[in-house]
Structures are given as C-alpha cells and as structure tokens.
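Asks: Pasting in a structure now, in structure tokens, and then I'll have a few things to ask.
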C-alpha cells in the first residue's frame, strides 16, 4: 500500500511541479505550487516525518504561498508573454541542460552508490515524532533555533523596509 | 639580556607615531604637523647612535634581534644592522625629517593622513633596511609600496592616478618575480639542510650550482632594477616624481631608489655570484646607457621635476656601475653615490617644491631671473646643482670619481663611456640653472616671489652641511661602510669560487629542480681589468 | 720655523669668502674691498714667506710638503689633502697671488659702482682659493679640485652680469667645454691610478719609469687624455672656443682668470707632469703641433677683431699656444717662463683695456676709440709697455720668453713649428700694435664731450660686418648708471697703481730668464727650476752665433709687424681698407673665426639636442612607455572580452552555474 | 517500506524541474517559485536520509531550511515588489543592473 501511495504522490508532485514552470499565468503557477507542496507533505508523512509534513502544509502551502499570491495580485500580473527567437533559444537550452543534468545524475548514480548505514532499529512511529523533534530542538539545537528566530525577525524588518519603498522625493530636503 | 630592542623600536616608533597622528582631529593642521615633526625629529635623534654605535671595524650584523615569526616555514622576525644599512637608515630618518619639515605648508588637504602616511613609509623603509629574513624583507618591501602609492595617488598632480598605478604595477611586477625566487631559495635550502628557513645568513651559506643561479638572480635583479631604476625600466620614475608631492618626491628619490641598489648589494650579488659574473657586463652596460641616456633626456625636459627625475636615472646608473665593477672603489663609490644622490637630489626636489609652492608651476620656461628676486634661494640652488653635477669639493664628486675609478679598473671602455655623463650632467644642469635663475625676470608673477622662510632655511642648512662635509671629508662615511662592503665583496668572490668548484660534486643531489641555465662562464670577477 | 705655512695660502681667500658670506651685508663696499684685497695680500705675503723659506734651502731639499688630512681612502687607494711647494709651484703661487692681488686692488676701482660689488669679490676670492689649491696641490686629485673650482668660478664670473643672456651663455659654454677637457683629464688620471696606484706626484713620477715603457701605448694614451684636459682649461684647439666668449665677464676677471692664471693651469699641469710627457714622444709631438696650430690660428683671428677684449682674448689663446709648443718641444722651463711673463703683460693689457673701457664708459669697440694717448696718460704708457712686451722687443719681458721658446723649437729640430712660431710673432706684433694704434693714436672717433660715439663714428674698416651673430662687441651695459656722458678721463689711482706695477714687471720680469748668449751657464730661471725639471731637456746647444741670429730674426719680424700696423692703421688707413676689400672672403672667414662655433653647433650641439629630444619623445614615451602602456591596454582588452560574459541578466548567470554543475558531474563521471 | 533510492530519485527529478524553471522562465516570481521547488527537493532528500539513518537530525535540518526559506520568501518578494515599482516589470531579462 505505502509504495503505491508514494508513487501516486510522486506522480502528482512531478506533474504539478511541471505545471508550475509551464503555465503562463503566475497565479495558476502559484496554485499548482500549493498542490505540489501538499503532495510533498504527503510523501513526508510516508517517510515517517509527520511533524515536517505538517509544517510543510502550514508554512509553505499556507503562509508562503499566500504571500506569493498576494504579491502576484498586488502587482496585477497577467499571462506572461513568451515570444521571440531568443526566448525560444533559452527555453531549448534550459530543457536541454535540465535533461543533461538528470542524465548525468542517473549515470553517476549508476556508476557508484554508497548506500550508507541503514538504521538498525525500526523507526519508532507511534504517535508521530513531534515530541522527539521538540526535545532535540530545544536541547541540542537550541542555539541555532534562537538564531533562526533572530533571522526571521531580521527578514521581517527587512521586508517591511524594502516594501515600504523610498521616501517621497520632496521629503529629502537637499 | 636586558638589551633594548633598539632596531625594532626604530622601525615601529614611526608606525606608532603614524597611528597617533592618524587619530588626531582631521582639521587640527597645526598640531598635526607639529606632532609629525616632533615624531620625525625624535626618530632621527633616536637613530643617530647608528653613527657611532655601529662599530665600523666590526663587519657583521650588529644589534641583531631574532624572534620566531612563522615557525613552520622557518620565517623569523630577524633584524640587524651593519655599516651599509646603518648609513642608509640614517639617510632615511634624516630625509623623512627634512621631507616633513619641507611639507609643512605645502599640504593643505588631508594633512593628517599625509603626515601619517609619511611616517608609516618611514617605518617600512627602515624595516626593509634592517631585516635579515627574506620573507620579512618581502613583507616590508611591499608594505613600503602602499604609503608611497597613496602619497602619489592622493596628493599628486594632475595625472596622479596614472602615475601612482604605474609606480605600483611596475614595482609589483618585479617583486612578484622576486617572491618566486625567494621561495625557490627556500626550497633549495630546505633540501640542502633539511631545515626550512628564510634567514639571509643561512642563504649566504647555501651553495647553489652556478647553472641554477641565473634565473633566481634575474628575478631578483629584475625587481631591484625596476626600483633603481635601470635604463629600460625607468619610465615609472619621471611620472611618479612629477606627480608626487614634494615630500613624496624627496623620499622617493632619496631612499626608495636606494632600495634597488641596496637589494643588489645585500641579496642579489652575494647570493648568486656566478650568475652575477655572467650578467655583470650586461647590467653594467645598461647602467652606462642609463647614465648617458638619463642625462641626454634630462637635457630636453621642459619640466623641472622631470629633469631632476631623469638626472636620477643618470645618477643611479653610476651607483649600479660601481656595484658591477666588483672592486673596493666601485663598491664604495656606489654607496657614496647612493648617499649623495639622497642628499643632492632630495635637496633639488625640495628646491623645486619651494618654487612650486609659490608659483604653482614647474615649467622651466615660466621662470627666469630668480637670482634677482630670491638670492638666498638661488645660492642654495647653485650649491645643490653643483653637488649634483659632481663638482670636486662637494659630495657628488667623491661618489662619481670612485665609481669611475672602480669601473676603470674593471674595464676601460666602461669608465670612458660613463665619464661622458660628467660632461652631460654639466650640460643639463647648467642649462636649466641658466634658464631658471639667470637672465632678466621675464614673468611678472616672479617679481613677487618671497625668499626662503626661516623654516625653509632650516631645512636646507643641514643639506648644505652634508654636501660639503661629504665632499671635503668623506672618510668618516667611507670608514663606516667599507668593512661591510669588503665583506660583501669577499663573500661574493668566495662563494663564486666555492660554487664553481663544487658545482658538479657537492650540489649534485639537489638535482636540476630548476631549469638548467645556459652554461655559465665561471671566471672570477676580476676579469678584463686594467692590469 | 713655524710651519704650517702652505695651507694658509689658499685658506686665506677661503676665509674671506666665508666672512663675506656671513657678514658681507654689514661690511659695506669699503669693508668688502678691504677684506677681499687684504686676504689676497696676506696670501701673497704668506706665499713670499714660504718661497723665501724654500729658497733658503739647498737645491736637493727644495720641496715642502704639508698634509692637512686624508681626503678619502678606499681599499688600497688613498688621497690626501696635502700641499706641495717646490720651485715650480713657487713661481705659480707667486704669480697667482701677486697678480691676483693687483687685480683685486684694480677691481675695487673698476667695479666700484656695480650693485653686486660684494658678490664680485666673493667669487674672486673663491677663485683665488681654487687657483691656489690647483697650484699647491701635491696630487692630481686635489689639483682636480682646484681645476674644477677655477672652472666654476670662471663660470660664475663670466656670467657675473647674469641678466645678460650672452653672459650666461658664455659662462655655461666655458664650463661645459672645460668639462669636456676635465673628462679627458679624469680618465688620464685614472690611467695613472690604475697603473701606479696613486695620484701623488712624487709617487707617480717615481714609479712611472718602472711601470710604463717609454713611448708605449698606455703612457701615450694617458698623457694624451691629460692633454685633452689641458686643451680645455688652456683654450687650445679644439676646445679654445670658450675663451673669446668669456670676455663677457667683467674686465678684471678677464685679466685674472682668462689671461694671467686659470688658463695657464693646463700648461702648469703639463709641466708638472713632464716626467710622464717626456716618456710619450708622440704626445709631445701632438702638443707641439696643437700648440703651434693654435698660436697661428688664434693670431689670424686676432688680426681682424674689433672688440678690444676679443683681440686680447685671441692673443691669449695664441700665446697659450706658444707655451704648449714650448712644452711640446721639451722646453718645459721656457713654457713656464712664458706663463710668468705672459701673466704680467697680458694682465696689464687687460687691465689697461679695462681702464680704457672704463674711461670710455663701457665702449669696447676699437673703431669708436682713438687718440686716447693724451687723455689717459698712465693707461697709455703702461699699455704701450705691455704691447711692446708682447710683441717681443728686447729688453721687455715677452722677448726673452718668446725667444727662448723659438730657440728651443729650432734647436730641437722642429723647424716647421719654429716657422709657425715666427709667423705668429709677426702677426702678434701686428695685431697688438693695431690695437694700440686704433685705441691710443690717431684722431678720436667718438664724441669728445662725452656720450657714446655710436655707429656714426668713422668706421675705418669692416663696416660691412656690423652683423654680429654672437653678440660681439656688446657693451658692458649691465645696469651701470655711471658715466654715460662726461668726458673721457684717466682712471682713479686704485686702477692706475696696479697698472704701473704690472708695467714694471712687464719690463723687468723677463730678465730672470736671460740665459746663454749673455751670461755664463743656465739662466737664473733655469737654475731655479732645475730641481723640478731636471737639468733641462738636454738639447744640443746652439752656437752663440745661431742664438744671436735667431734673436735678430725674432726682433726683425716683430719690428716688421709693428711697422705694418703703424702703416696700415695710422699713416694710411686706406691700406687696411684696401686689404679688406681685396681679401673679402678671407677677412670674413677670419672675422667669423673660421666659423668654428657654427661648425661645433652643427656637428655637436644641435645633433645632441635633437637626438635627446628624439630619445625622450620617441624612445621613452613611445617605445618604453608604449610597451608598458601596451601591456595595460592588452590586459584591458582581455578584460573587456571577459566582461562580455557579465551580461547582467540573472538568467545567464544561472545558466553558467548549471553548466558548472554539469562540468563537475562530467569530472566525476570521468574519474 | 519505500526504498530511499526512490525518494532520492524523486528529489532529483524535482530539483531538475526547479532548475529548468529557473532557466526557461523570465518572470521573477515564477523563478522564485522554481527556487522553492529546488529547496523542497533538498528537503526531501534530507527527510529520506533521516529515515534511512533513523535520526532526527535530518528533519531538524529541514525545519531550519524551511525557516530560512520563509525568511527568503518574505525578503525576496519585498525585493520583487520594489523592483516592479522601479522598473514596471518582473521580467528578469529586462533587468541587467548587474552588468559591470
């Protein structure tokens, strides 16, 4: 059952991700991105990362994407115009490079693969891992965690300052 | 040992003073220049014992200080002084004091930074003269570059940026090669003795196959030749001198150029004697070309500073020729020429600076008839000019004569061609002097020129004193430098012979790590010659 | 015997220089004059005392050496500041201080109204110091100090009126031409150092015979180079060109430096080094030929010059030529003898000319003089004595020395040179009396009530040659405000007294050299110099009859020259005019001094200047800087190419990043 | 039990889609979204390895990545808004301020 679920989510994920980069309308792209994040959250759940899965929904699919949509609408963007030889060339190069990347990655994977140690104990999955994460986060990773909070604060201030724009010219008495 | 680290203090006192000056309030011009002057004066007084505490008869390095710096590499903080570096260090402290005094009123913008940089430059120069560790030498050598670069680039004339960049890049191009040579020396030393070190005295003991010396010698020689500057590499000098502020020109001429010849004397020649023997004729001819060429080109310069700059090329050609003669007279003459050039050309730049400050022009054509307006200035100009021309009784003669004598003993044609410089120097100097000082006053602006102020007379008085002292009784100077010069000469010849003898045998295990140079003619330095 | 006594001689003028520099502005003119003359007078006294001490010794011990300090010592080479008095330098030092003193006194009158009075005496004293160092030095290098020092003072004094372009030009020319000579001298001295290891006369001369082969290449080269130095200082072909121009200086300077003392330094040096020169017969031959050629050439130029000082200048060059060919034929004693007599009468001539110029309110053109004999009696009388002396009429000083030179040339078999000397003697007599006649005899050719007799004055000859390329005959109009106007009158006592003293010397000065046919054995002069010069240049002595014959010949040619001068310029000036017209081309050539200055300008000065300009503009700025800047431009070009990759579009950057990742993958795949 | 390789393969595919998105699109907002896709691909790999090693560290990392991503989105979008105000466009090929 689980592998099938995984394959299903994976297919959904790849499809929606492709739609994100293919669709001309940024609003639609954003909405597909929400969908792809959600399916990724599903995959996280399948990979026994319940807490991360939830956070993915809340932070990404929720907060971040709302911000995206808000900006897109604020800027009142319509369909992107993608015409002309240059853009076609770019697209060709882009897809080719992408294909090559994937190909090389595959070749590399085939060439040599160190699988690494596999967990001896079966993972403890009862009742999710939020508590465990919390324990680690507030003990071992307390300092990075606090730093992160400062980072967020800085980002907040930065975003406000940037979005506020420049003061009106007449304000600068020179 | 409770001995005072005197040399370190000498090196770092100006640096400390520079920092102190740099943190003074920016617009406190008067206190700034006072404190800078006091610092330079203190430094000079403090360095005066170099005159009598460095014992002339004792040939080796004295007042050595040794501290580990980068133990892994064997780099040390190693200072020491001998007759040659002692005299040059004295010249440095003296010139810096004079330059600072001379720049009292001429620097208006950013005077705080200016004086701080001059003092920092002094520290760099002293460090370069004192250090006995090649890595440290390289550090000081480069560190010295930065204040000078800024002095030219910030306080210079119209094309100051071009001149500063040219100066910087020229010197850099040479010193990079020198670094490579230093590193290869280090590797060879490590292979030879197993102990990594940058110590100069250790390198003096290092046998190098003659075939291997050539490239390293050329790398060193290139770096030093740029600094001297020798003939085809001289074009940075006129630009740098013309654009530099007076104090910069004075220090550049009086001390920085000496770094090149000093480098030859201390590093390039004793370290690579066999390569020197091969290259000496070429270098000597370049020096001779420089003598004649510098004089000829100086003759047609319309700009006073450029004229003096080209005359520097000519004079430093004498210094190089003396070194290449490889005998006692040549060496002593070269060293005297260095000191003389420091005093005379420094004074010339100051003199040009004095009228530039008053008239804001350096064009020879803009002057004329100054004798009538500023007699004291003109008399001093006359004396300095004559010393630059090498009139017997002034300092210039001793150096030139000894160099020519040394060159003559080595090869008559060298001396014969170089001696034409004696004629040509009279040509360009007298012609310039005639156009500037003699004749009627042709420009109305010149009528209002004021003669030297008390401060300016104070600046020139010691210079004139030195000009006559070194001309009439140069023996105290010669006594101080000769044991050292003899030692360098001795060492160079000994090493040349040792390495020629042991080329095949002793250094065989070193294998040919460096590309083999063309076959080296390993005859000892005394070849040709007049005997 | 309270030695030291030698160093004080040059030290006295030097002290005067120092005092003048320090306190001169407080001394006033009288004080300055007193100081300057006093110092030189004392130097003369000291010199006399020293020479008397020397004379009191026996012949073998006639040498006083005093070492002041070691000048410098490098390796095995050392030079002392030390002084030597021997019979040779004794003569020189007496002449220099004696004549120098007289000229100092004279200058106090001549320069009395010059605003730069103090500076003049400063230079003059400095010159005395340098000249005394030159003659008293006991080694070549110290001599070189004086040698260059007098050159410097000459430069300063020629360009004394520095606001005048021609004066400063002349000063510069003198210094540079002298430097060319010094270049040779220095190289010659280096030969001596390289072989003998010393510059000390005694040591060099003692070791020279062992180290050099007589007539060998080295000694010939060395002496030739030293002679180059002498040609520079003593104005011989090819370096004589500076001396006529040097007349731009004040007249006392011309008398002191360019007649009596400095220009004879070359002769002194050659005589001093006679040991070396005698070992190089080729050099001696060259000296003789150069000397004779100079004597002739300068005399021919002197025939046609109109500026009174220029005539004297060429006469000086010519007389120096005599001294050199005396040395060239081995008659060093005769050379020095002529140096001495020449110092007397030529100084007198110059001072007399100065007196005339002073009286004429700075008029130097002889065409505007004439008839001064009555107006300036003392000047006239003394000048006449000097003119007779130089023309070579016995028993005046010039006769004895010139005759000795000619006799020695004849005796040594240099007949060509003897003939040249004789020809020169005719011309000397001619042009000197031409000068005398034009100046003192005939009718005045100027406005007798004062003021200049400008170009309207009767122009006996050469009127078509007023064009003057070199500013000849420029007046000394250098800001003197005195005497433009007022009648011509005799000069004050401080000018006439020196003239009189020199006149006496010009008569009796030659008597010390009266030798063979008149007295038994060597002349007094010859005996005095014997410790230095040896027992003479061992020439086969001439028969008494030959000696008298030569004397008669020499007097005869002199008389002929004098007669011609009177005839052409006093009795029938038409002869002179006719001659000028007949030989116009020759006259022009002579008047323009064979165009030697122009020739030097065309082959040396200009090419060097042009070449220097090219070197700077082309080689320095185009080639070397071109390469330097070219490297810069090359790097800039490469950077410009690289900059094309910096499109500024983030998309491009992203592509490059990805390509980089691809390359990395490829690397991993390959390894 | 899902093999780790599967998750990694998916991660790779997702990442390449992100790369292609950055390369082919000119709308700054879509490029930004593509970047988010790549970040998520990385997160996926973290999570997969975390499960394989039975360690929470990987998940903690993901947590931090998300925080950073959130901050980045906030600042990045603010920049884009600002840019739009300045240039009236969000197309990156019309903006070459980086050109030297």
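The values are calculated or read from the model by the stated rules, or taken from the named source; none is laboratory data. Here the structure is a predicted model, which is why all the values come from computation and not from measurement. Cβ atoms come from the backbone with ideal geometry, glycine included; neighbour counts cover every protein chain shown.
Asks: Checking the condition closer than 18 Å to residue C:175 by Cβ, within 12 Å of chain C (Cβ to nearest Cβ), touching a helix residue (DSSP H, G or I) at 6+ places or on another chain (Cβ under 9 Å) and free of Cβ contacts under 8 Å to residues at least 24 places away in the same chain, which residue from B:379, B:389, B:383 passes?
Replies: Numbers: B:389 fails: free of Cβ contacts under 8 Å to residues at least 24 places away in the same chain; B:383 fails: free of Cβ contacts under 8 Å to residues at least 24 places away in the same chain.
Only one candidate qualifies: B:379.
Asks: Quick one: is residue B:79 at pLDDT 85 or above, surrounded by 13 or more Cβ atoms within 10 Å (Cβ to Cβ) and in a helix (DSSP H, G or I)? Break it down into steps so the answer makes sense when it comes.
Replies: Working: at pLDDT 85 or above: yes; surrounded by 13 or more Cβ atoms within 10 Å (Cβ to Cβ): yes; in a helix (DSSP H, G or I): no.
No; evaluated as a whole, the condition is false for this residue.
Asks: Restricting attention to region A:12-46, report how many residues are closer than 11 Å to residue D:14 by Cα and either surrounded by fewer than 19 Cβ atoms within 10 Å (Cβ to Cβ) or touching a residue at least 60 places away in the same chain (Cβ under 8 Å) (or both).
Replies: Residues flagged as closer than 11 Å to residue D:14 by Cα and either surrounded by fewer than 19 Cβ atoms within 10 Å (Cβ to Cβ) or touching a residue at least 60 places away in the same chain (Cβ under 8 Å) (or both) within region A:12-46 amount to 3.
Asks: Consider region C:649-671. How many of its residues are facing chain D (nearest Cβ under 10 Å) and part of a loop (DSSP other than H, G, I, E, B)? Give the derivation first.
Replies: Restricting attention to region C:649-671, the residues satisfying the condition of being facing chain D (nearest Cβ under 10 Å) are C:649-655, C:657-658, C:661.
Restricting the remaining residues to those that are part of a loop (DSSP other than H, G, I, E, B) gives C:649.
Count: 1.
Results for (1) under 30 Å from residue A:107 (Cβ atoms); (2) surrounded by fewer than 14 Cβ atoms within 10 Å (Cβ to Cβ); (3) within 14 Å of chain D (Cβ to nearest Cβ), shown as yes or no for each residue.
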position	(1), (2), (3)
C:590	no, no, no
C:599	no, yes, no
C:602	no, yes, no
C:607	no, yes, no
C:621	no, no, no
C:630	no, yes, no
C:644	no, yes, yes
C:647	no, no, yes
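Asks: Further question: Any residue at all in region D:10-32 that is facing another protein chain (nearest Cβ under 7 Å), closer than 17 Å to residue A:67 by Cα and part of a loop (DSSP other than H, G, I, E, B)?
Replies: No; the residues of region D:10-32 include none that is facing another protein chain (nearest Cβ under 7 Å), closer than 17 Å to residue A:67 by Cα and part of a loop (DSSP other than H, G, I, E, B).
Asks: Can you tell me which residues in region D:42-96 are assigned to a helix (DSSP H, G or I), closer than 20 Å to residue A:72 by Cβ, at the interface with another protein chain (Cβ under 8 Å from one of its Cβ atoms) and touching a residue at least 40 places away in the same chain (Cβ under 8 Å)?
Replies: Across region D:42-96, the qualifying residues are D:73, D:77, D:80, D:92, D:93.
Asks: Return the total of residues in region B:324-350 being more than 25 Å from residue B:458 (Cα to Cα) and within 14 Å of chain C (Cβ to nearest Cβ). Give the steps one after another, and end with the answer.
Replies: Looking only at region B:324-350, we keep the residues that are more than 25 Å from residue B:458 (Cα to Cα), and these are B:324-335.
Keeping just the survivors that are within 14 Å of chain C (Cβ to nearest Cβ) gives B:325-335.
So the count comes out to 11.
Asks: Sticking with this one: Would you say residue C:120 is out of contact with any strand residue (DSSP E or B) (no Cβ under 9 Å at 6 or more places or on another chain), in contact (Cβ under 8 Å) with a residue 60 or more places away in the chain and either away from chain B (no Cβ under 11 Å) or surrounded by 23 or more Cβ atoms within 10 Å (Cβ to Cβ) (or both)? Step through it out loud before you land on a result.
Replies: Numbers: out of contact with any strand residue (DSSP E or B) (no Cβ under 9 Å at 6 or more places or on another chain): yes; in contact (Cβ under 8 Å) with a residue 60 or more places away in the chain: yes; either away from chain B (no Cβ under 11 Å) or surrounded by 23 or more Cβ atoms within 10 Å (Cβ to Cβ) (or both): yes.
Against the criterion (out of contact with any strand residue (DSSP E or B) (no Cβ under 9 Å at 6 or more places or on another chain), in contact (Cβ under 8 Å) with a residue 60 or more places away in the chain and either away from chain B (no Cβ under 11 Å) or surrounded by 23 or more Cβ atoms within 10 Å (Cβ to Cβ) (or both)), residue C:120 qualifies.
Asks: Under 24 Å from residue B:424 (Cβ atoms) and facing chain B (nearest Cβ under 7 Å): which single residue out of C:156, C:152 fits that description? Talk me through it step by step, then tell me what you get.
Replies: Numbers: C:156 fails: facing chain B (nearest Cβ under 7 Å).
Selected residue: C:152, the only one of C:156, C:152 that is under 24 Å from residue B:424 (Cβ atoms) and facing chain B (nearest Cβ under 7 Å).
Asks: Right, something else. If you go through region B:460-492 one residue at a time, how many are buried (at least 20 other Cβ atoms within 10 Å of the Cβ), within 18 Å of residue C:75 (Cα to Cα) and touching a strand residue (DSSP E or B) at 6+ places or on another chain (Cβ under 6 Å)?
Replies: So the answer is 2.
Asks: Count, please, the residues in region C:567-587 that happen to be surrounded by 13 or more Cβ atoms within 10 Å (Cβ to Cβ) and within 23 Å of residue C:369 (Cβ to Cβ).
Replies: Counting residues in region C:567-587 that are surrounded by 13 or more Cβ atoms within 10 Å (Cβ to Cβ) and within 23 Å of residue C:369 (Cβ to Cβ) gives 12.
Asks: While we're here: Output the residues belonging to region C:134-147 that are closer than 15 Å to residue C:85 by Cβ and under 16 Å from the mean Cα position of the chain (by Cα).
Replies: Step one: filter region C:134-147 for residues closer than 15 Å to residue C:85 by Cβ, giving C:134-139, C:142-143, C:146.
Those that are closer than 15 Å to residue C:85 by Cβ and under 16 Å from the mean Cα position of the chain (by Cα): C:134, C:135, C:143, C:146.
Asks: Among (1) within 14 Å of chain B (Cβ to nearest Cβ); (2) free of Cβ contacts under 8 Å to residues at least 40 places away in the same chain; (3) over 30 Å from residue B:475 (Cβ atoms), there is one condition residue C:56 misses while meeting the rest; what is its number?
Replies: Residue C:56 satisfies all of (1) within 14 Å of chain B (Cβ to nearest Cβ); (2) free of Cβ contacts under 8 Å to residues at least 40 places away in the same chain; (3) over 30 Å from residue B:475 (Cβ atoms) except (1).
Asks: Yes or no: region B:117-132 includes at least one residue that is part of a strand (DSSP E or B), buried (at least 21 other Cβ atoms within 10 Å of the Cβ) and either touching a helix residue (DSSP H, G or I) at 6+ places or on another chain (Cβ under 7 Å) or free of Cβ contacts under 8 Å to residues at least 60 places away in the same chain (or both).
Replies: Initial filter on region B:117-132 (part of a strand (DSSP E or B)): B:131.
Now restrict to residues that are buried (at least 21 other Cβ atoms within 10 Å of the Cβ): B:131.
Next, only the ones that are either touching a helix residue (DSSP H, G or I) at 6+ places or on another chain (Cβ under 7 Å) or free of Cβ contacts under 8 Å to residues at least 60 places away in the same chain (or both) stay: B:131.
Scanning region B:117-132 turns up at least one residue that is part of a strand (DSSP E or B), buried (at least 21 other Cβ atoms within 10 Å of the Cβ) and either touching a helix residue (DSSP H, G or I) at 6+ places or on another chain (Cβ under 7 Å) or free of Cβ contacts under 8 Å to residues at least 60 places away in the same chain (or both).
Asks: Further question: So, in region A:6-21, exactly how many residues are more than 12 Å from residue D:10 (Cβ to Cβ) and within 9 Å of chain D (Cβ to nearest Cβ)?
Replies: Final tally of qualifying residues: 3.
Asks: Go through C:335, C:352 for me and flag whichever is over 19 Å from the mean Cα position of the chain (by Cα) and buried (at least 24 other Cβ atoms within 10 Å of the Cβ). I'd like the intermediate steps shown before the answer.
Replies: Details: C:335 fails: over 19 Å from the mean Cα position of the chain (by Cα).
None of the other options fit; the residue is C:352.
Asks: Next up: Could you say whether any residue in region C:251-272 is surrounded by fewer than 24 Cβ atoms within 10 Å (Cβ to Cβ) and not in a helix (DSSP H, G or I)?
Replies: The answer is no, given that none of the residues of region C:251-272 is surrounded by fewer than 24 Cβ atoms within 10 Å (Cβ to Cβ) and not in a helix (DSSP H, G or I).
Asks: Inspect all residues belonging to region B:343-361 and state whether any of them is at pLDDT below 90, more than 13 Å from the chain's Cα centre (by Cα), outside any helix (DSSP H, G or I) and surrounded by fewer than 24 Cβ atoms within 10 Å (Cβ to Cβ).
Replies: Scanning region B:343-361, I find at least one residue that is at pLDDT below 90, more than 13 Å from the chain's Cα centre (by Cα), outside any helix (DSSP H, G or I) and surrounded by fewer than 24 Cβ atoms within 10 Å (Cβ to Cβ), so the answer is yes.
Asks: Residues that are more than 14 Å from chain B (Cβ to nearest Cβ) and assigned to a helix (DSSP H, G or I): does region C:61-82 have at least one?
Replies: Among the residues of region C:61-82, at least one is more than 14 Å from chain B (Cβ to nearest Cβ) and assigned to a helix (DSSP H, G or I), which makes the answer yes.
Asks: A further question follows. Condition first: assigned to a helix (DSSP H, G or I) and more than 30 Å from residue B:108 (Cβ to Cβ). Can you find one or more residues in region B:149-170 that meet it?
Replies: Quick first cut of region B:149-170, residues assigned to a helix (DSSP H, G or I) only: B:149-155, B:160-170.
Of the ones still in play, those that are also more than 30 Å from residue B:108 (Cβ to Cβ) are none.
No, there is no match, as no residue in region B:149-170 is assigned to a helix (DSSP H, G or I) and more than 30 Å from residue B:108 (Cβ to Cβ).
Asks: Moving on. How about region B:48-76: which of its residues are over 20 Å from residue B:490 (Cα atoms), within 24 Å of the chain's Cα centre (by Cα) and not in a strand (DSSP E or B)?
Replies: Of everything in region B:48-76, those that are over 20 Å from residue B:490 (Cα atoms), within 24 Å of the chain's Cα centre (by Cα) and not in a strand (DSSP E or B) turn out to be B:48, B:49, B:50, B:51, B:52, B:53, B:54.
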